[in-house]
Amino acid sequence: MNEIQIVDRLVVDVVIDNLSDSYSSKPAHVSPEFDNVIAAGAVEISGETLCCAQLGLGLVLTATAGLRQYKLMFDAGPEGSIFLRNAAALGITLSDVQAIAISHGHWDHMGALLSVLDRIQAGNGGSSVPCYTNPGMFVERAARLTSGAIGRFQHVPTPALLSQHGADVVNRDEDALLLDGHFYLSGEIPRVSDFEKGRPDHLCRPHPEAEWQPDPLLMDERFLAVQIRGKGLLIFSSCSHAGVINVLLHARSRFPDVPLYGVLGGLHLSGAAMEPLIPATVEALKQFNLKQIMTAHCTGWRAVSALVQAFGEVAVTPCAVGSRFNF
């Protein structure tokens with residue numbers, strides 16, 4: 001595989017995230033939701049012109065390299081109508097999305113995908129768009145609730161269904177360089193840290209008649225990476241079911257000559273089973289000397305608080321729906 005290409009500029013639009021926060025001050029490289037919707041054409045700030053927060057994550061990444069621009073969607077959030085509404089509020093055109101990469105097979109990252117594909121095709125003259133998945137995403141999944149009951153997850157769209165809606169599905173286990181090498185999508189993430197053991201409440205089964213089986217490791221999870229000129233490698237870890245330390249260790253081993261600049265995404269340090277990992281995670285993060293830690297989705301307020309205490313507000317910026325990060 002050829003090496004990842006450097007981009008001169010990267011814009012990250014947070015189209016779906018759990019958190020809405022239009023009032024907290026933002027660092028200079030983050031444009032807040034109010035600014036973005038007015039710039040997109042809203043004549044007033046109102047409930048109808050703002051974005052809706054929703055459990056999940058959906059990002060649109062626009063990279064500039066020389067005179068070329070590359071636009072990639074990373075995950076889609078859980079519901080099509082909300083994703084499309086938020087994208088419109090932010091002035092994000094979807095018809096020019098050139099590729100879609102999916103982090104893992106959970107409803108809150110894939111539920112909106114069919115609606116997004118329909119919108120892309122409606123705007124691009126019916127052309128298919130590459131959609132990168134892996135075979136491990138397409139099993140039935142559930143969680144053991146605190147009540148002891150099993151909460152079954154919504155099915156994610158199958159490769160055949162994605163194809164019917166205009167996706168050129170690339171369903172493979174191996175890592176890949178996307179869009180002329182300007183985005184890196186990982187393969188399976190090795191689990192090497194001594195404390196990141198996955199999500200103990202998570203279950204799966206191959207078909208509806210099968211028994212539920214423990215599936216704590218979610219081996220289908222992947223991360224995305226972009227190398228930004230003058231900064232280094234920015235890692236997008238949508239849920240960090242693999243553990244963010246495992247994610248960063250793998251990124252460092254895959255690109256040993258490129259400094260790690262930062263990580264953006266969910267760190268999955270919320271919930272009774274995961275919160276005990278916060279101290280070890282914070283301590284282990286120190287080895288990477290990250291300049292930016294941009295927490296989203298499933299990180300949880302306790303982890304954000306611990307990260308701010310350890311690394312300061314200069315490094316730690318919580319994501320919020322409607323925010324736009326400029327690198």
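Between a residue in segment 288-315 that is part of a loop (DSSP other than H, G, I, E, B) and any residue that is β-branched (Val, Ile, Thr), which pairs come within a Cβ distance under 8 Å, given they are 6 or more apart or on different chains?
Qualifying pairs under 8 Å: Leu290/Val263; Ala315/Ile293.
Residues checked against (1) more than 28 Å from Val97 (Cα to Cα); (2) at pLDDT 95 or above; (3) not acidic (Asp, Glu):
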| site | (1), (2), (3) |
| --- | --- |
| Asn134 | no, yes, yes |
| His165 | no, yes, yes |
| Leu178 | no, yes, yes |
| Gly187 | no, yes, yes |
| Asp201 | yes, yes, no |
| Glu209 | yes, no, no |
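Do you know which of the residues in segment 240-274 that are among the β-branched types (Val, Ile, Thr) and not in a strand (DSSP E or B) is farthest from the chain's Cα centre (by Cα)?
Val258
Please determine, by comparing only the residues of segment 217-239 that are of a type in the set (Gly, Ala, Ser) and surrounded by 21 or more Cβ atoms within 10 Å (Cβ to Cβ), which one is nearest to the chain's Cα centre (by Cα).
Checking each candidate, the answer is Ser238.
If I ask for residues that are more than 18 Å from Asn124 (Cβ to Cβ) and either in contact with a helix residue (DSSP H, G or I) (Cβ under 9 Å, 6 or more places away or on another chain) or crowded, with 24+ Cβ neighbours inside 10 Å (or both), which ones from segment 62-94 would you list?
Within segment 62-94, Ala63, Phe74, Asp75, Gly77, Pro78, Glu79, Ser81, Asn86, Ala89, Leu90 meet the criteria.
Take the residues in segment 141-187 that are polar (S, T, N, Q) and not in a helix (DSSP H, G or I); name whichever of them is farthest from His250 (Cα to Cα).
Among residues in segment 141-187 that are polar (S, T, N, Q) and not in a helix (DSSP H, G or I), the one farthest from His250 (Cα to Cα) is Ser147.
Determine if segment 53-66 includes at least one residue that is among the hydrophobic types (A, V, I, L, M, F, W, C), within 22 Å of Leu234 (Cβ to Cβ) and over 21 Å from the mean Cα position of the chain (by Cα).
yes
Residues of segment 281-291 being under 27 Å from Arg9 (Cα atoms) and either modelled with pLDDT under 95 or surrounded by 21 or more Cβ atoms within 10 Å (Cβ to Cβ) (or both), which ones?
Passing the criteria: only Leu290.
Can you confirm whether Gly262 is more than 30 Å from Gly148 (Cβ to Cβ), free of Cβ contacts under 8 Å to residues at least 24 places away in the same chain and of a type outside the set (S, T, N, Q)?
Against the criterion (more than 30 Å from Gly148 (Cβ to Cβ), free of Cβ contacts under 8 Å to residues at least 24 places away in the same chain and of a type outside the set (S, T, N, Q)), Gly262 does not qualify.
The values are calculated or read from the model by the stated rules, or taken from the named source; none is laboratory data. Keep in mind that what you see is a predicted model, and the values were worked out from it rather than measured. All Cβ positions, glycine included, derive from the backbone under ideal geometry; neighbour counts span all protein chains shown.
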